[in-house]
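Down below is the structure, laid out as structure tokens.
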Amino acid sequence: MQRDPDLFLVAQDDREIVGCVMGAWDGRRGWINHLAVRRSHQRRGVGTALVAEVEKRLIEKGAKKVNAQVYHWNTKSLEFFKAAGYEVHSDLIMIGKQLK
């Protein structure tokens, strides 16, 4: 949040948090690292609005592309992002390392 506070968005219904998205900008591309919507508010446009707003803010920063990281087992998220126009690139492999 210190680096890109404008890309960390929270959705509220009354005073209850019902969703959030954590975006990032590396100076070249935008990233959606986390998106969560409370189960009771899913399929009501909350996630779509959060993603649209973070995409808008990334465009304002100069991003020409945005990537979202989704676990392969998270089919609901994969379906959500595909419906939002995101594509699965089978030629890309996300790798990581736990730092101690």
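What follows is calculated from the coordinates using simple rules that are stated; it is not laboratory data. Keep in mind that what you see is a predicted model, and the values were worked out from it rather than measured. In this analysis, Cβ positions are derived from the backbone assuming ideal geometry, glycine residues included, and neighbour counts consider all displayed protein chains.
Points worth noting:
- Of the residues in segment 69-83, not one is surrounded by 14 or more Cβ atoms within 10 Å (Cβ to Cβ), without any contact (Cβ under 8 Å) to a residue 40 or more places away in the chain and small (Gly, Ala, Ser).
- Flag not set for Leu58, criterion: surrounded by 13 or more Cβ atoms within 10 Å (Cβ to Cβ), touching a helix residue (DSSP H, G or I) at 6+ places or on another chain (Cβ under 9 Å) and closer than 20 Å to Glu79 by Cβ.
- Count - residues of segment 28-59 that are under 19 Å from Gln2 (Cβ atoms) and out of contact with any Gly (no Cβ under 8 Å at 6 or more places or on another chain): 1
- Test for Val21: is it closer than 17 Å to Val70 by Cα and either touching a strand residue (DSSP E or B) at 6+ places or on another chain (Cβ under 7 Å) or exposed (fewer than 14 other Cβ atoms within 10 Å of the Cβ) (or both): yes
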